[in-house]
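Please read the structure below before turning to the comments.
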Amino acid sequence: MATLDYVEIPRYATRLQSNVSLSSDMRPAARITTSLPHPESSPVLSPLSTIQATFPTKGLGGPAFNLSQILLSSIPASPATPRNAPQGQLLTTRDPLSIPITSVNFRRFVSKSGPIFWLEDRIEEVVMWRKGWQFTGAWMCGYAFLCYFPHLILLLPHIILMGILLTNHPYRKSSPSLGYDADPAVTPAPPAAAGEGSVDWLANLQAIQNLMGFVSDLHDFIYPAVPHLTYSTPYTMYLLNVVVVSFLLLLPLISLLPLRPTFLGLGLTPFALTHPFVRVHIYPLMISLFSSSPSTPLISNLLKARKQVYTRFFRALDDDRLEDRHWRSELRDVELWENERWVPSSSSSPSTEEGHGSWSKANLKAGERSAWTRGRDGWGGVQPDGSGDVSSNLTFSLTPGWAFVETEDWRPDMQALWAPAGADEHGWVYTNDAWQDPRPVPLEWKGRTRRRRWVRRIYYNPALLNPGTI
């Protein structure tokens, strides 16, 4: 009979695993799916592939293909991915983009977003004076009371919770059939979510629709100011200078500002701006002041004052950026004239409105003044040797020894003091077909021309004695 020989295994020995068990026990590394141009290389199945796997006998181009039915049938009862986000992952990237998840979350949001839009309506009623001056005035008095006693802000959570409890308090009404010892009826709990297709569900869906439109309108209203904050326009540096200067000026004055009146004024200003009288009378008046014809005496005076402030403000900024070598040199102003002609659109007819047309330098007639000229009349700046020709506002001939100030650029003459009749808000002076009879507004007939003066400073530099074009 064979005997078995036992081998003593040391305590520190480790059992060797086969290749099969090793491959089965190893967990594959997690991969992050990104929006690549080739979706077929993605390790995660797309919704389209899931649909094709569900309906293998129907192609996308077949007549039986119904996208809405497929999307509804592919909605799972619960989210397809676990809701527990990994540590450090952002909420916006917690779940991958998926039509089933989008559908489920949208339906859940529609049914449970009622309190959000209820709060939005209450805020709009207060700020926009929807319920009259008594209702909004009471909230303004409450805000003023908080500004006078700022420590009461710590009690706001208690006040809000007390208001909710008192609003939902089940008032006990005396009834001859019930004694005083009768237990009050238990108030049922509010529904957790609005049922799909109910009145509340449709109201939430309508609110979501209107909120999307409001956000889009707000984006379109704010977007024109975005280029000035991204160094896409020349006004960004001026804005930065204004912010820095105002910051330095306000820094020592912060301790002197009374905080209670300051916050009271800042908090009540939105209520004053949204008052019905201001929205109905003041806003249209301001729009008419800035968009009316400059020939009106009041409008003309306002435009002149605004142009003067504009000119002095930007000249002060330019002076602040001058270097010492500029201040020690002689400074002069050179001018450049921009000429344009108005031509009616090609589709204009006797039935077409008079205002249809375009201003452009390409509309100038052959043989008349150029788009950019040195002289006011369009010809006086042209010298026999051609030194006065100007092809654009970037190519300009100067006398030897003179150079443009490097820290400045061409600026339009907004005041247009050279024109007795004045100019519009952009510095344009309008004339007839023969460049005569200057006016601050366009003429009535179709032959219209206009010109604008541009100004830039030059300084004398003895080192630049070689003639050339700068």
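Every number here is computed from the coordinates shown, using simple stated rules; none is lab data. Computed from a predicted structure; not experimentally measured. All Cβ positions, glycine included, derive from the backbone under ideal geometry; neighbour counts span all protein chains shown.
Phi-derived couplings, Karplus 6.51 cos²θ - 1.76 cosθ + 1.60 at θ = phi - 60°, listed residue by residue for the stretch 191-197: x, 5, 8, 6, x, 5, x Hz, with x used for Gly and Pro. Between ARG332 and LEU285, the C-beta separation translates, for a Förster distance of 45 Å, into a calculated FRET efficiency of about 0.55.
Here the Karplus curve 6.51 cos²θ - 1.76 cosθ + 1.60, taken at θ = phi - 60°, turns the phi angles of the stretch 234-251 into couplings of x, 7, 5, 5, 5, 5, 5, 5, 5, 5, 5, 5, 5, 5, 5, 6, 7, 4 Hz, with x standing for Gly and Pro. Identify the residues of the stretch 248-289 with backbone N under 19 Å of a label point that sits 7 angstrom from the Cα of GLN134 along the Cα-to-Cβ direction, or state none. Taking a point 7 Å out along Cα→Cβ of GLN134, the residues of the stretch 248-289 whose backbone N falls under 19 Å are 276. Put a dot 7 Å past the Cα of TRP435, heading toward its Cβ, do the same for ARG306, and the two dots end up 2.9 nm apart.
Once you reduce the stretch 419-464 and the stretch 186-240 to the center of their Cα atoms, the two points are 44 Å from each other. A Förster radius of 51 Å combined with the Cβ-Cβ distance from GLU196 to SER345 puts the calculated FRET efficiency at roughly 0.45. What is the stretch 251-291 by shape, rounded, prolate or oblate, if you read a ≥ b ≥ c off the alpha carbon gyration tensor as root eigenvalues and call it rounded for a/c under 1.5, prolate for a/b larger than b/c, and oblate otherwise? Verdict is oblate for the stretch 251-291. In this structure the amide hydrogen of TRP402, modeled in the peptide plane, comes within under 5 Å of the amide hydrogens of ASN461, none closer than 5 places in sequence on its chain. Each of ARG108 and ALA203 was given a label point 7 Å from its Cα along the Cα-to-Cβ line. The distance between the two points is 2.4 nm. Using a simple spin-label model with points 7 Å from Cα along the Cα→Cβ vector, what separation in nm is obtained for GLU323 and THR269? According to this spin-label approximation, the distance is 4.0 nm.
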